[in-house]
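Visitor: Pasting a structure below so you can have a look.
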Amino acid sequence: QVQLVESGGGLVQAGGSLRLSCAASGGTLKNYNMGWFRQAPGKEREFVASISWSGGSTFYADSVKGRFTISRDNAKNMVYLQMNSLKPEDTAVYYCGISQGYWPSIRRNDYDYWGQGTQVTVSS
């Protein structure tokens, strides 16, 4: 069974940047669309970005478009989320997931496997 582990979260000031990583073990990611979601306290888990199995297509939530970039390295079994111009409202636990749903895989129910999450806190 595939296991996902996110890393790279932390505390950053507004306007700063972070790069999240998602590492997979126990299986390959190369055949799957992948996505990043986030969950703030008291809120539902929401879609952030997705990337197609080849990396040729990406899709973003309007709230992060132009600031975040999702990428992948299938040879390394890794997915990344570069986050720039961070805002306090980006504060959340960020999760990566494997989608077995149809592109652009923006629904939580599209995803079968999740990591444990990494905390991102943006101070004002």
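The values are calculated or read from the model by the stated rules, or taken from the named source; none is laboratory data. Small disclaimer: the values here were computed from a predicted structure and weren't measured. Here the Cβ positions follow ideal geometry from the backbone for every residue, glycine too, while neighbour counts run over all protein chains shown. Keep in mind that these areas ignore ligands, DNA and RNA; they rest on the heavy atoms of the full protein, side chains included. Shrake-Rupley method; radii C 1.70, N 1.55, O 1.52, S 1.80 Å.
Visitor: I'd like the residue in the range 69-86 that is in a strand (DSSP E or B) and without any contact (Cβ under 8 Å) to a residue 24 or more places away in the chain and, out of all such residues, is farthest from residue 27 (Cα to Cα).
Guide: 69
Visitor: Just for the range 73-102: of the residues that are under 14 Å from residue 48 (Cα atoms) and among the hydrophobic types (A, V, I, L, M, F, W, C), which one is most open to solvent (accessible area, probe 1.4 Å)?
Guide: That would be 93.
Visitor: Identify, by number, the condition in (1) under 20 Å from residue 58 (Cβ atoms); (2) over 14 Å from the mean Cα position of the chain (by Cα); (3) open to solvent by less than 60 Å² (accessible area, probe 1.4 Å) that residue 122 doesn't meet.
Guide: Result: residue 122 passes all but (1).
Visitor: Taking only the range 98-119 into account, find how many residues are over 12 Å from residue 39 (Cβ atoms), part of a strand (DSSP E or B) and in contact (Cβ under 8 Å) with a residue 60 or more places away in the chain.
Guide: 4
Visitor: Still on this structure: Looking at (1) at pLDDT below 95; (2) hydroxyl-bearing (Ser, Thr, Tyr); (3) over 17 Å from residue 5 (Cα atoms), can you tell me which one residue 25 breaks?
Guide: So residue 25 meets the others, but not (3).
Visitor: Give the residue, chosen from 70, 106, that is open to solvent by 30 Å² or more (accessible area, probe 1.4 Å) and either in contact with a Lys or Arg (Cβ under 8 Å, 6 or more places away or on another chain) or over 22 Å from residue 1 (Cβ atoms) (or both).
Guide: 106
Visitor: Related question: Within the range 87-94, is even one residue in a loop (DSSP other than H, G, I, E, B) and either of a type outside the set (Asp, Glu) or on the phi < 0 side of the Ramachandran plot (or both)?
Guide: Checked against the condition, which is being in a loop (DSSP other than H, G, I, E, B) and either of a type outside the set (Asp, Glu) or on the phi < 0 side of the Ramachandran plot (or both), the range 87-94 yields at least one hit.
Visitor: Which residues, counting only those in the range 57-67, are open to solvent by 50 Å² or more (accessible area, probe 1.4 Å), closer than 25 Å to residue 2 by Cα and without any contact (Cβ under 8 Å) to a residue 24 or more places away in the chain?
Guide: 58
Visitor: Which members of the range 1-28 meet the condition of being closer than 18 Å to residue 117 by Cα and among the β-branched types (Val, Ile, Thr)?
Guide: Across the range 1-28, the qualifying residues are 2, 5, 12.
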